[in-house]
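The values are calculated or read from the model by the stated rules, or taken from the named source; none is laboratory data. All values reported here derive from a predicted model rather than from experimental measurement. Reconstructed Cβ throughout: ideal geometry from the backbone, glycine too, with neighbour counts over all protein chains shown.
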Amino acid sequence: MLKKQLANFDIILASGSPRRQHFFKELDIHFTVDVREIKEVFPPHLKAQEITNYLAQLKANAFKDVKDSQIVITSDTIVWKDNRAIGKPKDKQDAVKMLQNLSGETHEVFTSVCFSTKNNQKTVYDCTKVQFKELTIDEIDYYLNTCRPYDKAGSYGIQDWLGYVGIEKIEGCFFNVMGLPTRLVYSTLLEIANSK
């Protein structure tokens, strides 16, 4: 369905995430990957989706050369709890602390996606609430040793072992927690394609 509307566009996915690339394949969107290094730093006064919106747009701003036929897609995901952002862990010790902090609690996951064309830029975001059961230190240790989720915000992947055994409830888009609100990406691309 979407492939026909996007036939005249070159979709550039600016993400090295294998999960995001998998989603684009599953959505049957033809794309190429172009990742440009930026320093992912945000002003300290930003909150929740303001952070992910800012970082997704910051990544988009690395593309100064967007052509007429191109749509550049950038994104960012954070875990948000106790009024602060939880990013990727520095090491195993940091990951243990993060998971202990999430244990038995509810947190939010924000993902923003920025769509840049030659003349326009549109940013959308989604929020999903995730509730964990009480995690034992043995469960945390087992998970970190087997799945090594050090490239993930909050030190976990909902699609991993910990998601199978540790999550009691989610409110919102499951795929958003994995790093891409697929429904929003689909509808926004349709909107951009149909506006041409």
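Brief remarks on what is shown
- If the condition is being surrounded by fewer than 17 Cβ atoms within 10 Å (Cβ to Cβ) and under 20 Å from the mean Cα position of the chain (by Cα), then the range 88-104 contributes only LYS90.
- Filter pass, ALA95 being over 20 Å from PHE174 (Cα atoms) and in contact with a helix residue (DSSP H, G or I) (Cβ under 6 Å, 6 or more places away or on another chain): yes
- Members of the range 64-84 that are surrounded by fewer than 16 Cβ atoms within 10 Å (Cβ to Cβ) and in a loop (DSSP other than H, G, I, E, B): LYS64, ASP65, LYS67, ASP68, SER69, ASP82, ASN83
- Count of the range 149-188 residues which are of a type in the set (A, V, I, L, M, F, W, C), closer than 17 Å to ALA56 by Cβ and in contact with a strand residue (DSSP E or B) (Cβ under 7 Å, 6 or more places away or on another chain): 6
- In the range 130-149, residue farthest from VAL109 (Cα to Cα) [restricted to those that are of a type in the set (Phe, Trp, Tyr) and surrounded by 17 or more Cβ atoms within 10 Å (Cβ to Cβ)]: TYR143
- Remark: pairs (first residue in the range 53-64, among the polar types (S, T, N, Q); second residue modelled with pLDDT of 95 or more and part of a loop (DSSP other than H, G, I, E, B); Cβ separation under 9 Å; 6+ apart in sequence or on different chains) = ASN53/LEU46.
- Which numbered condition ALA56 fails, given (1) surrounded by fewer than 17 Cβ atoms within 10 Å (Cβ to Cβ); (2) at pLDDT 95 or above: (1)
- Only helices (runs of 4 or more DSSP H) whose full extent lies in the range 100-196 are considered here, and the ones with at least 2 residues that are modelled with pLDDT under 95 and of a type outside the set (A, V, I, L, M) are 182-194.
- Residue that is farthest from THR182 (Cα to Cα), among those in the range 85-99 that are assigned to a loop (DSSP other than H, G, I, E, B) and of a type outside the set (Lys, Arg): ASP91
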